[in-house]
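**Q** One structure follows; several queries about it will come next.
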Amino acid sequence: MRRNLRTIAGATAGLALAAAAVTLIPNADAATAAFRRGPDPSAASIRATNGPFTISRTTVARQSGFGGGDIFAPTDTSQGTFGAVAIAPGFTATRSSMAWLAPRIASQGFVVFNIDTLTTSDQPAQRGRELLAALDFLTATSTVKSKIDKNRLAVVGHSMGGGGTLEAAKSRPSLKAAVPLTPWDLTKNFAGVTVPTMIIGAQADTIAPVRQHSERFFASLPSNVDTGYLELAGASHFAPNIPNTTIASTSVAWLKRFVDADTRYEQFLCPGPATSATVSQYETNCPHRG
């Protein structure tokens, strides 16, 4: 076994991602600093509905590799190019189910593509291919391609889209980050994943119970890869379909840390939140290497 999940005890209520700031890893060299976008973060800023960047929205019609979607991109290009993130919905769902999260992440300094799948019944492996096709479209064809650093790409997805996120990370190791949300997949072993991956499960999930899905996925990930697991206390499988500050702030911190290599966000991941009314479990292998 790789390791057992542990419950981190604490008395802090709510998501205290930055309740006790830790010293940043002293490896923020010139290259790392060059990817930083936006002002110094705070616990409040990563939880905010609107980040520091004003964003625009572009709708994309159905393509051969995915079902179309909405691109959210910062309008300010004075700080350079941005990392890009593709988001996939779950089984039977459309991009409207993740419409709250995409602009929220984009406003923190990312180009975000919230996609529809080719059919709402597509399985995780197919959703993984659709996420990658969407990233390829973003970097090669989209009207915002000049805003994107094609070497800094990530995937996010809910349910079967979360399984697709893991599948995409397995098949494209050049990705910088993956964030599966209450993921579902018949495949349980993702030992081949080398992409920094934060899995967010839900304690009361009856569709993708964490013991059969999120926890097993997490336990299968290699110990020499930057990984994390956060479990939403008392939450259902559909927690990612409505605005959720814990999901948003954790996703933002993980994407900033690994897509942008921005060590300013390490403080929100290590040691991370204590158990509370919103977080039932949290584990990550600190300090992070990426």
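**Q** Among the residues of the stretch 261-290 satisfying the criterion of being closer than 21 Å to Val85 by Cβ and either of a type in the set (A, V, I, L, M, F, W, C) or touching a Gly at 6+ places or on another chain (Cβ under 6 Å) (or both), which is surrounded by the most Cβ atoms within 10 Å (Cβ to Cβ)?
**A** The qualifying residue surrounded by the most Cβ atoms within 10 Å (Cβ to Cβ) is Phe268.
**Q** Something else now. For the stretch 213-233, which positions are crowded, with 21+ Cβ neighbours inside 10 Å, farther than 20 Å from Ala84 by Cβ and not aliphatic (A, V, I, L, M)? Steps first, answer last, please.
**A** Step one: filter the stretch 213-233 for residues crowded, with 21+ Cβ neighbours inside 10 Å, giving 213-214, 217-218, 221, 226-232.
If we keep only those that are farther than 20 Å from Ala84 by Cβ as well, we get 213-214, 217-218, 221, 227-232.
Listed by number, the residues that qualify are His213, Ser214, Phe217, Phe218, Thr227, Gly228, Tyr229, Glu231.
**Q** Ok, one more. Go through Ser251, Ser236 for me and flag whichever is under 20 Å from Arg95 (Cα atoms), of a type in the set (Ser, Thr, Tyr) and crowded, with 18+ Cβ neighbours inside 10 Å.
**A** Matching residue, one of Ser251, Ser236: Ser251.
**Q** Quick test of your reading of the structure: Ile242 fulfils all but one of (1) surrounded by fewer than 21 Cβ atoms within 10 Å (Cβ to Cβ); (2) more than 23 Å from Ala106 (Cα to Cα); (3) aliphatic (A, V, I, L, M). Name the failing condition by number.
**A** (2)
**Q** How many residues are buried (at least 20 other Cβ atoms within 10 Å of the Cβ) and closer than 19 Å to Leu255 by Cβ when one looks only at the stretch 78-94?
**A** Adding up the residues that qualify gives 8.
**Q** What tally of residues in the stretch 67-123 results from selecting those that are without any contact (Cβ under 8 Å) to a residue 40 or more places away in the chain and in a helix (DSSP H, G or I)?
**A** 3
**Q** For the structure I just gave you, tell me whether Ile105 is surrounded by 16 or more Cβ atoms within 10 Å (Cβ to Cβ), within 22 Å of Pro180 (Cβ to Cβ) and either modelled with pLDDT of 95 or more or acidic (Asp, Glu) (or both).
**A** yes
Each row is one residue, and each column tells you yes or no for (1) at pLDDT 95 or above; (2) surrounded by 24 or more Cβ atoms within 10 Å (Cβ to Cβ); (3) among the aromatic types (Phe, Trp, Tyr).
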{"residue": "Leu175", "(1), (2), (3)": "yes, yes, no"}
{"residue": "Ala178", "(1), (2), (3)": "yes, yes, no"}
{"residue": "Trp184", "(1), (2), (3)": "yes, yes, yes"}
{"residue": "Thr187", "(1), (2), (3)": "yes, no, no"}
{"residue": "Ala191", "(1), (2), (3)": "yes, no, no"}
{"residue": "Thr194", "(1), (2), (3)": "yes, no, no"}
{"residue": "Ile199", "(1), (2), (3)": "yes, yes, no"}
{"residue": "Gln203", "(1), (2), (3)": "yes, no, no"}
{"residue": "Ile207", "(1), (2), (3)": "yes, no, no"}
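The values are calculated or read from the model by the stated rules, or taken from the named source; none is laboratory data. The structure displayed is predicted, hence computed values, not measured ones. Because the Cβ atoms are built from the backbone with ideal geometry, glycine has one as well, and the counts that use them run over all protein chains shown.
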